[in-house]
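Have a look at the structure below, then the notes.
Just so you know, all these numbers are worked out from the coordinates, no wet-lab data involved. These figures come from a predicted structure and were not determined experimentally. Here Cβ is always computed from backbone atoms with ideal geometry, including for glycine, and neighbour counts include all displayed protein chains.
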Amino acid sequence: MMWCLLCLSLMVAATTAKKLNVYRKPEDRSPTFIIRDMMKIESDAIAQKRDESTPIKITLQNNQDAAYTGKLSLGGNKEEHTFFFDTGSPWLWVALDDCTSCNWPGVNPYTPDSGTNKPSSKIGNATYVDGQFATGNIATDEVRITADSEPITMNIIGVSEAHDIGNIPADGILGLAPSPAKNTDLFVTQLHKQGLIPDDMFGLEIKPNGQDSFITLGGYDTERVPDPKEIKWINLYNKDSWWTEFRHVYYGDTILSSKGGLVVFDSGTSITTMSENILYAIINGFYTKTEGQSCTIKQFQGLDLWHCPCIGNFDDIGISMNGYMAFLNSDLIIKDAGQGECAIEILPAKFEGDNDIILLGDNFFFDYYVVHDINGGKIYDEDSDTGMRIGLVGNIVENDDGAFGSVISSALAMLVMATLFLN
């Protein structure tokens, strides 16, 4: 019976192909060629749909300037769930209704629809640098931007066990970072492959002080960036995540760190985090401006942060990377802690080995419109090198203090990144 159904399918395929003049005589074609012809027809249809599509702008809710969440609908039942949008990880995962450890406040677990949710025997692990993890079976399922929109089919993790996830204001995480891990489907790339958006890129606008933020899938917001020349493109050193090399760190005109290392664009990190020795150099830079008054570590809003005497105007912190200098705006990282002291909202961290790493978090994103281009500029800039790149709109200037690719080897970089992002 199954063989007969296959024959019938091939006969229908042959008839359709003949009408479309894909080949001249069905009897001269083997089933393999017929299937290839049908795949070509389907590919052309997707390409046409992609050409007719437009970028999709989604509003993200600001949760106390620490997490930015949006809605997606899952499965045939179109269940609406809230996701934390994170450029530092690749998986889309959601808490399942049978997950007893998915008990953070406000979680709305997903009840899979057996008609669309097809779990596999493979296990997906979302493991984070601070020991948090979410794990469960990898499944294919339908994902929609809204309940009324066309679905895409992609791999997700249905989480059955979670550890120390904390109080994320969401039912799961939508990862927006490419990954070399097997079975990982990047949401934006699948939207592009399945013809729902025009290009494999997205623009991100994160705003402080409780303001709504926005992500534009399939391009960037042309109302926010009317002239493409405003975008300064930083070619990335890889195709696996949103990182590149930095060459120097500056405080004002003074070079604080010349060792170089990795800089990661990570909207899932609310406060910029960096290797301890870089932060110490920055604090020493502040110290020289405070006429010898000491800086100390104290609690501020539940975090151990450096406090220095307020001196009126702190300089911005410059980070040179691949021909440009971007800045941590001192107005966004220096907070009045009272009693004449200012808290420095940068967290110290120890990373694997002797590597300097900067995770640019939300208090960097506040000052920029950031375009994440997976496609390598094939649509927006025909002269661009292929490969991933980051586009920044904001306070960014040309800088020529180091050749790209000279600081850290690709193999070493991948080893370091394996300690930072999802498996």
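Residue order for Y220, Y128, Y110, Y280, fewest other beta carbons within 10 angstrom first, comes to Y280, Y128, Y110, Y220.
Overall shape of the range 56-217 was characterised from the C-alpha gyration tensor. The equivalent ellipsoid obtained from it has semi-axes of 21, 20, 15 Å, in decreasing order.
Averaged over residues, the count of other Cβ atoms within 10 Å places the peptides 253-259, 391-397, 272-278 in the sequence 272-278, 391-397, 253-259, highest first. Derived value for the range 150-195: Kirkwood hydrodynamic radius 12.6 Å. Basis is the mean of 1/r over every pair of different alpha-carbon atoms. Taking other Cβ atoms within 10 Å as a rough exposure proxy, D373, D367, D44 sort from fewest to most as D44, D367, D373. With R₀ fixed at 45 Å, the C-beta to C-beta distance from D354 to N395 puts the FRET efficiency at about 0.90. Counting every other Cβ atom within 10 Å of each residue's Cβ, E352, E398 order from fewest to most as E398, E352. For the pair the range 45-62 / the range 72-119, the C-alpha centres are spaced 22 Å from each other. Distance from a point 7 Å along Cα→Cβ of Q211 to each backbone N in the range 333-373: keep the residues under 16 Å and list them by number. Flagged as within label range: 333, 362-370.
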